[in-house]
Amino acid sequence: MAREPREGGRGGREREREGDDLVDKLVTINRVAKVVKGGRRFAFAALVVVGDQKGRVGYGAGKAREVPEAIRKATERAKRTMIRVPMKEGRTLHHDVAGHFGAGKVVLRSADAGTGIIAGGPMRAVFESLGINDVVAKSLGTRNPHNMVKATFDALERCASPRSVANRRGKKVSDILGRREVAGAAEVNADV
């Protein structure tokens, strides 16, 4: 019996929709079949990433008999689970970070301006929705989109800004970063 090609997977379609300043990206759709007395009953499972491209992002999964309903459910769940991620200069991460979920392991590295998003499909959808323009990411372990997205969110939840670290330790930001980096940041802000 010939198998039908899976929708989604590694070459998953991405779908963008603007609404109330949120961008949602369809990461993957999986069709599942339940064998019953009269034949097969098909259902669809969708994984969606939603973000405002300004530092907030969330993901959600939804299942239904029709594709649009599965996507709607996934989008609603994604909007409820949004997190805020601190970004350096509004374009990259403050520091390198690793995350894992199940067999999925990811490494996220901050990058220089102009690098772009160097990441695989599911992780790329997360970064584009988040608004990060320069990042280098590597997925180690599984290629399952659900586990890759959850591992990426695990890493993003571990990100911290120098200001939050300084507040937590009761120090100044210049003590955390060092004098040269603070002076360099002041020069860059003065040029703008």
Failed item in (1) touching a Lys or Arg at 6+ places or on another chain (Cβ under 8 Å); (2) modelled with pLDDT of 85 or more, with Ile176 passing the rest: (2)
Residue within the range 109-125 that is in contact with a helix residue (DSSP H, G or I) (Cβ under 8 Å, 6 or more places away or on another chain), under 14 Å from Gly55 (Cβ atoms) and surrounded by 19 or more Cβ atoms within 10 Å (Cβ to Cβ) present: no
The range 16-72, residues that are surrounded by 11 or more Cβ atoms within 10 Å (Cβ to Cβ) and on the phi > 0 side of the Ramachandran plot: Gln53, Gly55
Candidates Val32, Val48 - the one that is modelled with pLDDT of 95 or more and part of a strand (DSSP E or B): Val48
Selection within the range 152-165 - closer than 17 Å to Ile132 by Cα and without any contact (Cβ under 8 Å) to a residue 60 or more places away in the chain: Thr152, Asp154, Ala155
Residues (more than 13 Å from the chain's Cα centre (by Cα) and in a strand (DSSP E or B)) located in the range 74-91: Lys88
Filter result (in contact with a Ser or Thr (Cβ under 7 Å, 6 or more places away or on another chain) and closer than 11 Å to Leu26 by Cα) within the range 44-84: Leu47, Val48, Val49, Val50, Tyr59, Gly60
Arg13 out of contact with any helix residue (DSSP H, G or I) (no Cβ under 8 Å at 6 or more places or on another chain) and either at pLDDT 95 or above or farther than 27 Å from Cys159 by Cβ (or both): yes
Scan of the range 53-73 for residues that are within 17 Å of Val149 (Cα to Cα) and either among the acidic types (Asp, Glu) or in a helix (DSSP H, G or I) (or both), ordered by number: Ile71
Candidates Asp21, Asp52 - the one that is among the acidic types (Asp, Glu) and farther than 17 Å from Phe153 by Cα: Asp21
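The values are calculated or read from the model by the stated rules, or taken from the named source; none is laboratory data. Bear in mind that the values here come from a model prediction, so they are computed numbers and not experimental data. Reconstructed Cβ throughout: ideal geometry from the backbone, glycine too, with neighbour counts over all protein chains shown.
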